[in-house]
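Asks: Structure incoming, see below.
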Amino acid sequence: MNLTESLLHALKAHGAQQIFGIPGDFALPFFRIIEQTQILPLYTLSHEPAVGFAADASARVNMGLGVAAVTYGAGALNMVNAVAAAYAEKSPLVVLSGGPGKGESRSGLLLHHQAKTLDSQFQMYREITCDQARLDDAARAPADIARVLGNCLHHSQPVYIEIPRDMVAQPCDAVPRAAPPDIDDDALDACVAEILARLKHARSPVLMAGVEVRRFGLEDKVAQLSRRLGLPVVTSFMGRGLLVHHDAPLIGTYMGVAGLPEVTRLVEESDGLFLLGEILSDTNFAVSEQKIDLRKTIQALDGQVTLGYHTYAEIPLNALVDRLLATAPDAGATITAQRQSFPRNLVSDDATLTPTDIATAVNDLMAVHGKMPIAADMGDCLFTAMEIEFTPLVAPGYYATMGYGVPAGLGIQAATGQRPLILVGDGAFQMTGWELGNCRRYGWDPIVLLFNNASWEMLRTFQPESSFNDLGHWGYAEMAAGLGGHGVRVGTRAELKAALDEAIATRGQFRLIEVTLPRGVLSATLQRFVVGVKRLSGAK
């Protein structure tokens, strides 16, 4: 077995199911082995940011490793933003980069794709990955790979592996499985006892489920725990899409001033708020109606638990949830909080469309044909997703990068085989929408709802005087055929319903529905968000 084969078998053993990539000269040798061995299927895309986004989405939906393979310099550095997004949002992404061979590294010449030094790329990736390795020693490689992949799963964050191109075919031993970290059972028991005592004495405890719940495959257990403890469950903006296929008392999504008042009150008036795997980001908590005193919450994140002014270190989330389930008595409580409702029954008429009409049409579609996984880009398309019935969702809710939606949708279909619904604005589509041209090669057929107001409309809401927000109309519907799909432009509610009905009934090619929206027309959720943010900031 050679080094690349050893690496590929280890990736598969650690939960990777496919590789997304773009080859280049420093990466050609290991790409050839990937293709020849077929240990993992390879999907090539057109631009490195899309490779990173697709691999990130595959990790999120499969709760395993996502893998992005690129070449040195021009490839890996072109993917930095996508990897940074995965780091910020705790997605277990493995970056495989080709690299200069050991011989050429000693030539004394500057090598093409080199930035400041040959080591610059490695150093840059230190900032956005939790572990790194350069496989320049075949004897040491198995231990390095085991450590890096183990840390990727343990921390649920990206890692970086660089493969010098003269090392890919070197003989190499199999990669061992890294030993799981030790857990202090006494500390875990004390932590669990304190959590249960706090929840028992709280008048209105609430469990908020965050992204780590899904990253570590804990949704079913968390649903059981919430029922046993009698806790109503909410998700944050980032955590939307959690627990949708599990029997949990899921009330809604907390969005502070931008959310529904009943959900906001439930969270902000709780005296026992249990933040389980929840990233404490501004998108989740900076728009609170009443400032949440985090010192009075229970926070389980990043392998530790914080209660008030003290922290239990080295408490992995999966171990915490397992011990809570083993210890907690059944409360036998009835949860009376009302579940969030969603708009339905679109009037099929000639009225001009709004984003809320899009959400209503999607809710009607899924009520008839079943739920679809959604990949949403940043902007009003993501706020519109908050008005769609609970369904699996991937989106850059915290890092808020544009260009995520289309490649993430492709990653979902490659990883799960399910047909996704992609929500994307025209600004983001201009960045990565062209990746739809790869659907024909792989048989992917997503349904794409393109929100076209010829504008960076979310930016305009905060700075309306700037003309650089104007994008113009590009005629996306007409471009779909050239990319191998089918496109249609709609401007009324009747046209939208007809287009969705036709799209859901047709398989085998992507369907692009270009939805023309008037400027200044926002979803109800984004309207509340803008008003709330301006009020909290004192802006007029």
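Asks: Can you name every residue in the stretch 460-485 that is surrounded by fewer than 18 Cβ atoms within 10 Å (Cβ to Cβ), modelled with pLDDT of 95 or more and not in a helix (DSSP H, G or I)?
Replies: Of everything in the stretch 460-485, just one residue is surrounded by fewer than 18 Cβ atoms within 10 Å (Cβ to Cβ), modelled with pLDDT of 95 or more and not in a helix (DSSP H, G or I), namely 484.
Asks: I need the full set of residues from the stretch 443-459 which are on the phi > 0 side of the Ramachandran plot and modelled with pLDDT of 70 or more, in order please. I'd like the intermediate steps shown before the answer.
Replies: Keep residues of the stretch 443-459 that are on the phi > 0 side of the Ramachandran plot, which gives 443, 454.
Within the stretch 443-459, 443 is the sole residue that qualifies.
Residue-by-condition table, conditions (1) touching a helix residue (DSSP H, G or I) at 6+ places or on another chain (Cβ under 9 Å); (2) of a type outside the set (D, E, K, R); (3) modelled with pLDDT of 95 or more; (4) farther than 30 Å from residue 154 by Cβ:
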| residue | (1), (2), (3), (4) |
| --- | --- |
| 324 | yes, yes, yes, no |
| 375 | yes, yes, yes, no |
| 386 | yes, yes, no, yes |
| 393 | yes, yes, yes, no |
| 398 | yes, yes, no, no |
| 405 | yes, yes, yes, no |
| 414 | yes, yes, yes, no |
| 419 | yes, no, yes, yes |
| 427 | yes, yes, no, yes |
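Asks: Let me ask something additional. Can you pull out every residue in the stretch 266-286 that is surrounded by 22 or more Cβ atoms within 10 Å (Cβ to Cβ), within 30 Å of residue 158 (Cα to Cα) and touching a Gly at 6+ places or on another chain (Cβ under 9 Å)?
Replies: 275, 276, 277, 278, 284
Residues are listed down the side, and each one gets a yes or a no for (1) in a strand (DSSP E or B); (2) over 21 Å from residue 167 (Cα atoms); (3) polar (S, T, N, Q):
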site: 4; (1), (2), (3): no, no, yes
site: 8; (1), (2), (3): no, no, no
site: 15; (1), (2), (3): no, yes, no
site: 26; (1), (2), (3): no, no, no
site: 31; (1), (2), (3): no, no, no
site: 36; (1), (2), (3): no, no, yes
site: 40; (1), (2), (3): no, no, no
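Asks: Additional query: Of the numbered conditions (1) in contact with a helix residue (DSSP H, G or I) (Cβ under 9 Å, 6 or more places away or on another chain); (2) surrounded by 16 or more Cβ atoms within 10 Å (Cβ to Cβ), residue 352 fails exactly one; give the number of that condition.
Replies: (2)
Asks: Let me ask something additional. Name the residue that is farthest from residue 421 (Cα to Cα), counting only residues in the stretch 500-517 that are among the hydrophobic types (A, V, I, L, M, F, W, C) and surrounded by fewer than 23 Cβ atoms within 10 Å (Cβ to Cβ). Break it down into steps so the answer makes sense when it comes.
Replies: To start, the set of residues in the stretch 500-517 that are among the hydrophobic types (A, V, I, L, M, F, W, C) comprises 500, 503-505, 510, 512-513, 515, 517.
Still in the list and also surrounded by fewer than 23 Cβ atoms within 10 Å (Cβ to Cβ): 504-505.
Details: 504: 10, 505: 14 Å.
Among those that are among the hydrophobic types (A, V, I, L, M, F, W, C) and surrounded by fewer than 23 Cβ atoms within 10 Å (Cβ to Cβ), it is 505.
Asks: Output the residues belonging to the stretch 62-101 that are crowded, with 24+ Cβ neighbours inside 10 Å and part of a helix (DSSP H, G or I).
Replies: 79, 82, 83, 85, 86
Asks: Can you name every residue in the stretch 261-303 that is assigned to a helix (DSSP H, G or I) and either over 17 Å from residue 205 (Cβ atoms) or among the β-branched types (Val, Ile, Thr) (or both)?
Replies: First pass over the stretch 261-303, keeping only residues assigned to a helix (DSSP H, G or I): 261-268, 282-285, 294-296.
Selection gives 261, 263, 264, 267, 282, 283, 284, 285.
Asks: Another question, then. Among all residue pairs at least 6 apart or on different chains, which show Cβ distances below 8 Å where the first residue, located in the stretch 113-130, is aliphatic (A, V, I, L, M) and the second is assigned to a loop (DSSP other than H, G, I, E, B)?
Replies: What qualifies is 115/73; 118/100; 118/111; 128/158.
Asks: May I pose another question? Answer yes or no: is there a residue in the stretch 243-260 that is in contact with a strand residue (DSSP E or B) (Cβ under 8 Å, 6 or more places away or on another chain), in a helix (DSSP H, G or I) and among the β-branched types (Val, Ile, Thr).
Replies: Scanning the stretch 243-260, I find no residue that is in contact with a strand residue (DSSP E or B) (Cβ under 8 Å, 6 or more places away or on another chain), in a helix (DSSP H, G or I) and among the β-branched types (Val, Ile, Thr), so the answer is no.
Asks: Being assigned by TED's automatic domain parsing to the domain that holds residue 304 and out of contact with any strand residue (DSSP E or B) (no Cβ under 9 Å at 6 or more places or on another chain) narrows it down to one residue among 189, 137; which is it?
Replies: On the way: 137 fails: assigned by TED's automatic domain parsing to the domain that holds residue 304.
From the options 189, 137, the qualifying one is 189.
Asks: Can you tell me how many residues within the stretch 497-532 are over 16 Å from residue 369 (Cα atoms) and among the hydrophobic types (A, V, I, L, M, F, W, C)?
Replies: Residues of the stretch 497-532 that are over 16 Å from residue 369 (Cα atoms), as a first pass: 508-532.
Retained after the next criterion (residues that are among the hydrophobic types (A, V, I, L, M, F, W, C)): 510, 512-513, 515, 517, 521-522, 524, 526, 529-531.
Qualifying residue count for the region: 12.
Asks: Moving on. Starting from the stretch 45-62, take each residue that is closer than 13 Å to residue 85 by Cβ and list its partners that are outside any helix (DSSP H, G or I) and hydroxyl-bearing (Ser, Thr, Tyr), counting only C-beta distances under 6 angstrom and pairs at least six apart or across chains.
Replies: Cβ pairs passing all conditions: 53/404; 56/91; 59/91; 60/91.
The values are calculated or read from the model by the stated rules, or taken from the named source; none is laboratory data. Worth saying up front: this structure is predicted, and the values here are computed from it rather than measured. Please note: Cβ atoms are built from the backbone with ideal geometry, for glycine as well, and neighbour counts cover all protein chains shown.
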